Amino acid sequence: MSATLINYRTICWMLGTFMAALSVLMLTPLVVASGQDAIVIGAFIKGTGITLVTAILLLIAGSGRPRQEMRPREAMLLVVLVWVMTCLFGALPLWFTPEYASFTNALFESTSGFTTTGASVIGDVEALSRPVHLWRSLSHWLGGMGIVLLGLAVLPLLGHGGNALYRAEFSGSSSERLRPRILETARSLWRIYLFLTILQFLLLIFAGMSAFDALCHAFSTLGTGGFSTRNASIAGFQSETVEYIVILFMLLGGISFAQHFRLLVERRPRSVTRDYEVRSYLAITIAATLVITVNLLASADFNFEPAFRAALFQTVSILTTTGFSTVDYSLWQPFAQLVLLVLMFAGGCTGSTASGLKVARIVILLKLVWREFRRFTEPLGVFRIRLEGTVIPDHAIHGVLTLVFLSLLLMLVASLLLTAMGMDLLTSMSSVIASQFNVGPGLGGVGPASNYGDLPMGAKWVLMFCMIAGRLEFYTFLVVLTPLFWRK
C-alpha cells in the first residue's frame, strides 16, 4: 500500500472528532473557577475556541469519507496524530495563563500531563490557579486510560478497524483477548476506571483531603501520572492514611484493566491471582520494598514503620511510573537510588495505565536468558519459552528484544543530546529514563525536590519526544517517522 492509498479524509474526520471532544473537555476546569480567575477563564475560553475551530476545519476536510474499515497503517498514523495534537492543543490554555513563561513550557507541561509523565516546569505549583490544577490532573486521567481508547467509546463507526487502533496504541496488549465488540470493551474498561476513581476520591475525602485536592489526586493516581496540588507532593498532606490510600490505588493502576474486569465484572478472582504477570508485579514490589527498607534502616535514622512506608510508597510510585513522592529519595544511599532507577525500566503490567517496558516483557527476557543458559549446557536440547502453559512464538520474542533495543537506543541518543547542551551526566540520563518511561521525577537536577523548569529549551523538546515515544511504546511513534512507513 503506498502513501497515496492512505484515506486522509477518514483520518481528518476522526481527528476532528477527537479535537471537538477535547475542546469540550477544555471547559470543564472552569467549574472550579472563581471571580478572581478572569485571566485564567479567558485563557481556557481562547484555548477552547482555537481547538474547536481546528476541529471544524478537520471535519470539513474529512466530509464525504467512504464508509470503510481502518487499516493498520492508518490506525498508527491516527494514533500518533491524536497524541501529538492533543498535547499541542492541550497546551493552549496553559500558554494563555500568566503562570507559564513560554509556549515550550506550556507544551512540556501538557505533554507531560497527557503522557502521564508528571514532570513539571513549575517550581511553586501551589501558586497555580484551581482551573490549571484541575486541567493538569485531568490530562493525566484522560491520557492514563488512553486517549485512543476513549475515542473507541465515541467512534463506533470504526468497525473491525477499532482493533487495529487498539493495537496501534497498546502494542503490548495483543495477548489480551478483547471482548467480541470493541465498543463494548471500551465502555466496560471506562466504567471500571471511573468506579476506581470515584472510590479513591471518596476515600481521600474520608482521610481528610479537601474535595478539590481529592479529585485532582484521584485523577493523577489512577492515571499513574504524578501531578500534585502541593509542592511537596503527597508529603505535603502529612497523613499516613492518605499515603496508604495512594499506594493502594497506584498498585491498582499498575495492574492490567483486563484483570480488573475479570475481578469486578466476571467475578473470577482466581484468574487474577494465578496470572503470571500480576504475581511477578507483586513479587517485584515486595522484594524492592524489603531491600530498600533494610537499606534505610541500616543507613539512616529511621524507625521500622516510617522506613517501610517510605520504601513501599516510592517503590510503588516508581514501578507504576506515577512519580508521587513522600521523601526526597535523591538523599538516600546510592543503593536505594539504583533500585528505584531499575524499577523505572520495569513499569507496570500490560494493559494498565502504567508505562515502562512492562512486567510481562521483563519475565519473557528472564526466561530467554535462562533458555540460553540451558542451550549452553545442553546443546542438543530443544527449549521453548512458555507462559502459563502457552508457548511464546519466536516472532513475539524478537518483538520484545527489538523494543528493548529501541528504548536503549533512544535513551543513548537523547542522553548524548542533553549532555551536548551542557547538562551533567546523572541529570541527563535520569531525565531521559524518567521521560521515556513516563515516570516524571528522576535523579540529580530533576529529583523529586526539583523540577524541569531550568533545563535548556532544546532539552525540553528532546524530553517531550521521549515522553510521546515511550507512551506509545516506541514502535508506533518511531515507525511513522521512517521512510519505510510511507513506501509500498
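Structural remarks
- Scope region 276-295; condition in contact with a helix residue (DSSP H, G or I) (Cβ under 6 Å, 6 or more places away or on another chain) and of a type in the set (Phe, Trp, Tyr); matching residues: TYR281
- Note on region 410-431: residues that are more than 20 Å from the chain's Cα centre (by Cα) and either at pLDDT below 90 or not hydroxyl-bearing (Ser, Thr, Tyr) (or both) amount to 12.
- Hits in region 7-20 (condition: surrounded by fewer than 20 Cβ atoms within 10 Å (Cβ to Cβ) and of a type in the set (A, V, I, L, M, F, W, C)): ALA20
- Answer from PHE485, PHE474 - the residue that is touching a helix residue (DSSP H, G or I) at 6+ places or on another chain (Cβ under 9 Å) and on the phi > 0 side of the Ramachandran plot: PHE474
- Test set (1) among the hydrophobic types (A, V, I, L, M, F, W, C); (2) in a helix (DSSP H, G or I); (3) over 24 Å from GLU240 (Cβ atoms) - LEU340 fails condition number: (3)
- Among residues of region 100-120, those that are assigned to a loop (DSSP other than H, G, I, E, B) and surrounded by fewer than 20 Cβ atoms within 10 Å (Cβ to Cβ), counted: 2
- When region 310-332 is filtered for residues that are open to solvent by 20 Å² or more (accessible area, probe 1.4 Å), outside any loop (DSSP other than H, G, I, E, B) and either of a type outside the set (A, V, I, L, M, F, W, C) or in contact (Cβ under 8 Å) with a residue 24 or more places away in the chain (or both), the ones remaining, listed by number, are LEU312, SER330.
- Among (1) open to solvent by 60 Å² or more (accessible area, probe 1.4 Å); (2) outside any helix (DSSP H, G or I) - the single one PHE335 does not satisfy: (2)
- Once region 348-401 is narrowed to residues that are open to solvent by 20 Å² or more (accessible area, probe 1.4 Å) and of a type in the set (S, T, N, Q), the residue that is farthest from ILE255 (Cα to Cα) is THR377.
- Each residue in region 251-268 was checked for being among the aliphatic types (A, V, I, L, M) and open to solvent by less than 60 Å² (accessible area, probe 1.4 Å), and 4 pass.
- The residues in region 362-383 that are in a helix (DSSP H, G or I) and either under 17 Å from the mean Cα position of the chain (by Cα) or aliphatic (A, V, I, L, M) (or both) can be counted, and the count is 7.
- Verdict on SER271 being small (Gly, Ala, Ser) and surrounded by fewer than 23 Cβ atoms within 10 Å (Cβ to Cβ): yes
- Considering residues of region 274-283 that are aliphatic (A, V, I, L, M) and open to solvent by 50 Å² or more (accessible area, probe 1.4 Å) only, the residue farthest from the chain's Cα centre (by Cα): ALA283
- Of the set (1) open to solvent by less than 30 Å² (accessible area, probe 1.4 Å); (2) in contact (Cβ under 8 Å) with a residue 60 or more places away in the chain; (3) farther than 16 Å from THR350 by Cα, all apply to GLU240 but (1).
- Summed over region 384-429, residues that are part of a helix (DSSP H, G or I) and not hydroxyl-bearing (Ser, Thr, Tyr) total 26.
- Selection within region 430-460 - in contact (Cβ under 8 Å) with a residue 40 or more places away in the chain, in contact with a helix residue (DSSP H, G or I) (Cβ under 7 Å, 6 or more places away or on another chain), assigned to a helix (DSSP H, G or I) and open to solvent by 20 Å² or more (accessible area, probe 1.4 Å): GLY444, MET457
- Of the residues making up region 83-98, just one is more than 17 Å from ILE50 (Cβ to Cβ) and buried (at least 21 other Cβ atoms within 10 Å of the Cβ), namely TRP83.
- Qualifying residue in region 346-357 (condition: aliphatic (A, V, I, L, M), within 19 Å of GLY470 (Cα to Cα) and part of a helix (DSSP H, G or I)): yes
- Subset of region 77-94 [in contact (Cβ under 8 Å) with a residue 40 or more places away in the chain and either basic (Lys, Arg) or farther than 21 Å from ILE11 by Cα (or both)]: LEU92, PRO93, LEU94
The values are calculated or read from the model by the stated rules, or taken from the named source; none is laboratory data. All of these numbers come straight from a predicted model, not from anything done at the bench. When we count neighbours, we look across all protein chains shown, and the Cβ atoms used for this are built from the backbone with ideal geometry, even at glycine. The area values use the complete protein model at the heavy-atom level, side chains included, leaving out ligands, DNA and RNA. Shrake-Rupley method; radii C 1.70, N 1.55, O 1.52, S 1.80 Å.
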